[in-house]
1. Would you confirm whether or not the stretch 189-200 contains a residue that is farther than 25 Å from Val152 by Cα, without any contact (Cβ under 8 Å) to a residue 12 or more places away in the chain, exposed (fewer than 13 other Cβ atoms within 10 Å of the Cβ) and out of contact with any His (no Cβ under 8 Å at 6 or more places or on another chain)?
2. Of the residues that make up the stretch 39-56, is at least one assigned by TED's automatic domain parsing to the domain that holds Lys95, of a type in the set (Phe, Trp, Tyr) and touching a residue at least 12 places away in the same chain (Cβ under 8 Å)?
3. Please verify whether Val43 is assigned to a helix (DSSP H, G or I), in contact with a strand residue (DSSP E or B) (Cβ under 7 Å, 6 or more places away or on another chain) and either surrounded by fewer than 12 Cβ atoms within 10 Å (Cβ to Cβ) or at pLDDT 85 or above (or both), treating the condition exactly as stated.
4. Between a residue in the stretch 10-27 that is of a type in the set (Phe, Trp, Tyr) and any residue that is part of a helix (DSSP H, G or I) and buried (at least 17 other Cβ atoms within 10 Å of the Cβ), which pairs come within a Cβ distance under 6 Å, given they are 6 or more apart or on different chains?
5. Do you know which of the residues in the stretch 224-244 that are among the charged types (D, E, K, R) and assigned to a loop (DSSP other than H, G, I, E, B) is nearest to Glu254 (Cα to Cα)?
Amino acid sequence: MVALEDFFTWVSQLAREREAFALCIVTEKIGSGPVSVGDVMAVTVDRRRIGTLGGWSFEKLFLDRVIKMIREGRSGSIEVDISGREKGGLECGGKIKIFVSVFQPPPRIVIFGAGHIGTALAKISSTIGYDTILVEEKDVKPNAEYEQIKIVESYREYAASMERNKDTFIVITVGEVDPCVEILRELLKREYRYIGLLGSKRKVMRVKEELAMSGVPENRIATVRGPAGLKIGARKPGEIAISIMAEIIKTSNEQASHIPPQ
């Protein structure tokens with residue numbers, strides 16, 4: 001039996017690291033079986049878990065269903081037959097109901113550059129539920145239109161400090177070529193859900209050429225979306241921000257539909 005303190009410490013760590021997981025709680029038991037009402041287990045999508053619901057011989061009867069629910073972001077009740085009628089079932093003569101409560105962190109977007117477009121994008125993304133981080137260097141005057149700006153020593157240092165997270169969307173709205181190259185040289189060492197570079201085709205080409213000359217592999221450079229945003233004829237900062245947000249949503253939905261079962 002895991003200590004309650006250890007259980008909550010483990011779950012809290014998952015939440016801090018923005019990792020999806022499920023709490024599995026036995027809510028009903030009919031007949032005999034290896035669990036009791038109120039037993040709880042937490043499990044991640046890669047099957048790491050704390051707590052137990054009857055041990056592995058029992059948990060393997062329903063764990064695939066729980067993993068599927070985590071991937072789909074869907075909470076709900078599942079019923080486990082322990083009468084022995086199901087393949088691999090236990091000969092206990094009953095059923096167990098388990099409530100699966102799935103916790104998924106909101107998608108995160110990191111925006112480099114708190115100019116008019118970066119600020120407009122931050123407003124839109126935060127409004128629709130994204131965990132939004134708007135990054136600006138300390139020597140740049142913050143845009144008063146958006147209060148929650150993360151002031152950093154330099155874009156490059158912040159990019160280097162970012163953790164690898166495939167569920168993070170990144171948009172670079174900085175105007176100058178050199179800082180964009182510095183940011184991307186750090187970011188392209190890891191994988192992210194989306195990396196978009198704002199600017200003209202000429203600017204994007206220059207940035208990619210500089211990255212190639214500095215030794216960044218071509219296959220990594222090719223992952224950068226640029227110019228960022230869907231082609232909707234956007235001209236004003238708000239319109240451009242909408243086009244970028246639309247591309248992020250489109251990318252997210254396309255990727256979700258192609259996630260293979262594991």
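1. no
2. No, because not a single residue in the stretch 39-56 is assigned by TED's automatic domain parsing to the domain that holds Lys95, of a type in the set (Phe, Trp, Tyr) and touching a residue at least 12 places away in the same chain (Cβ under 8 Å).
3. Numbers: assigned to a helix (DSSP H, G or I): no; in contact with a strand residue (DSSP E or B) (Cβ under 7 Å, 6 or more places away or on another chain): yes; either surrounded by fewer than 12 Cβ atoms within 10 Å (Cβ to Cβ) or at pLDDT 85 or above (or both): yes.
No: the conditions fail for Val43.
4. Final answer for the pair search is Phe21/Leu14.
5. Taking the candidates together, the pick is Lys231.
The values are calculated or read from the model by the stated rules, or taken from the named source; none is laboratory data. Keep in mind the model is a prediction, meaning the values are calculated, not measured. All Cβ positions, glycine included, derive from the backbone under ideal geometry; neighbour counts span all protein chains shown.
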